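Trainee: Pasting a structure below so you can have a look.
The values are calculated or read from the model by the stated rules, or taken from the named source; none is laboratory data. Fair warning: this is a prediction, and the values are worked out from it, not measured in the lab. Cβ placement follows ideal geometry from the backbone for every residue including glycine, while neighbour counts extend to all protein chains displayed. With ligands, DNA and RNA removed, areas are computed over all heavy atoms of the protein, side chains included. Shrake-Rupley method; radii C 1.70, N 1.55, O 1.52, S 1.80 Å.
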Amino acid sequence: MASAPFVASETAPTVATLRAGEDVDGVFACTRKERQISRAGTPYLTIEVRDHTGSIIGRAFRDADVLAGRFERGELVRLRGHVERFRDALQIEVRAIARADDADADPTRFLPVAYRDLDELEGFLEHLAAEVYDPGLRGLLERVLGDQGLRAQIRRAPCSVPAVVGTGRPSSAHHAYLGGLLEHTVAVTSMALELCTLHPRLDRDLLVGAAIVHDVGKTREFTYGAEIERSREGRMLGHVELGLRVIGSHLPGGLDFDRRLALEHCVMLHHGQEAAGGQRFASAEALALYRLNALDAQVKGAFEHGAGARTD
């Protein structure tokens, strides 16, 4: 017989606050769903659910097939159960689970987020943009940062899809959390500004401006549900092409053709010559942006995945 319906708790639980012996009733993201067979030959359901504080395994030994039909992996689910300790780890004995209603399904509650303060990072980005004095490039940055919808996306987007063990998803991700794009952009642009002090022959306005917009296509590369996934246009076009389109839709009248071309060249080659179809670096600024982007990605990747990890 199927489990009885249940009602939402007034206080939403998080994975980090779950304790053995407690009942749980809340909404989580389902990142794993497997139908398994016990030694007695009866089916049971194993799931993994997560929120922004962590993940936990759950198992349903009663009505496994009925419950499995009420949701899919990758969806937000409302779950009721009992927390218990098994082999030195917490797990949930699942008593009821079903796809969450839209009213409960704010994806930002369930996805990994940046540790750094996003308001502080956003203010720093404004400070860096103010260091660009070229009228055309400054006008572009004003249009990009003045677009409130785009700015919210810059604040929200990650740089990568998080690696998931057992899915074949590569572990080369960096800044793979909400706010990761903003954090990475500030880091790369800050290093660009410092590099211009060390190498005053660099075109400071071009390099700093390109650093600010080099990954802006990532605002259109991802979707947000129970997990961060690549959007259809992200899979088909990639963030570099998407970024060039975003830049193109925010061009000011005062940005002349040669200046625009130099900026677009930097953006197009920020992953290197091979990623740009063999196109060669035509400026020191493009080469510098490529190196700075790789440096931040690789250092961050080393912290997240170990010093030997590869980052793209």
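Trainee: Give the Debye-formula value of log10 I(q)/I(0) at each listed q (0.07 Å⁻¹), with one equal scatterer per alpha carbon of the chain, two decimals each.
Mentor: -0.35
Trainee: I'd like the FRET efficiency for A89 and L118, computed as 1/(1 + (r/R0)^6) with the beta carbon distance as r and R0 of 41 Å, rounded to 0.05.
Mentor: E between A89 and L118, to the nearest 0.05, is 0.80.
Trainee: Next up: Can you give me the three principal axis dimensions of the range 22-155 from its C-alpha atoms, in Å, biggest first?
Mentor: Per principal axis, max minus min of the Cα coordinates gives 74, 30, 23 Å.
Trainee: Can you give the extra length, in nm with one decimal, that the chain gains between T108 and A275 once fully stretched, where that is 0.36 nm per residue apart less the Cα-Cα distance?
Mentor: On the way: separation 167, 0.36 × 167 = 60.12 nm, distance 3.15 nm.
Net length gain for the segment: 57.0 nm.
Trainee: Between S249 and L198, take the C-beta separation as r, use R0 = 35 Å, and let me know the FRET efficiency to the nearest 0.05.
Mentor: Details: r = 34 Å, r/R0 = 0.98.
Taking R0 as 35 Å, the efficiency between S249 and L198 is 0.55.
Trainee: In a shell of Cβ-Cβ distance under 13 Å around L237, excluding L237 itself, what net charge do Lys and Arg (+1) and Asp and Glu (-1) give?
Mentor: That works out to +3.
Trainee: Ranking request for peptides 44-57, 270-283: highest mean number of other beta-carbon atoms within 10 Å first, then the rest in descending order. The partial results should precede the final answer.
Mentor: Details: 44-57: 18.8, 270-283: 14.1.
In descending order of packing, they fall as 44-57, 270-283.
Trainee: Would you please put 216-223, 62-69, 77-84 in order of how densely packed they are, using the mean number of other Cβ atoms within 10 angstrom per residue and starting with the highest?
Mentor: Put in order of decreasing packing, that is 216-223, 77-84, 62-69.
Trainee: Right, another one. Ignoring any ligand, DNA or RNA, what whole percent of the accessible area of the chain comes from carbon and sulfur when the probe is 1.4 angstrom? Write out the running numbers ahead of the final one.
Mentor: On the way: 8000 of 15910 Å².
Using a 1.4 Å probe with all protein chains present, the chain comes out at 50 percent carbon and sulfur.
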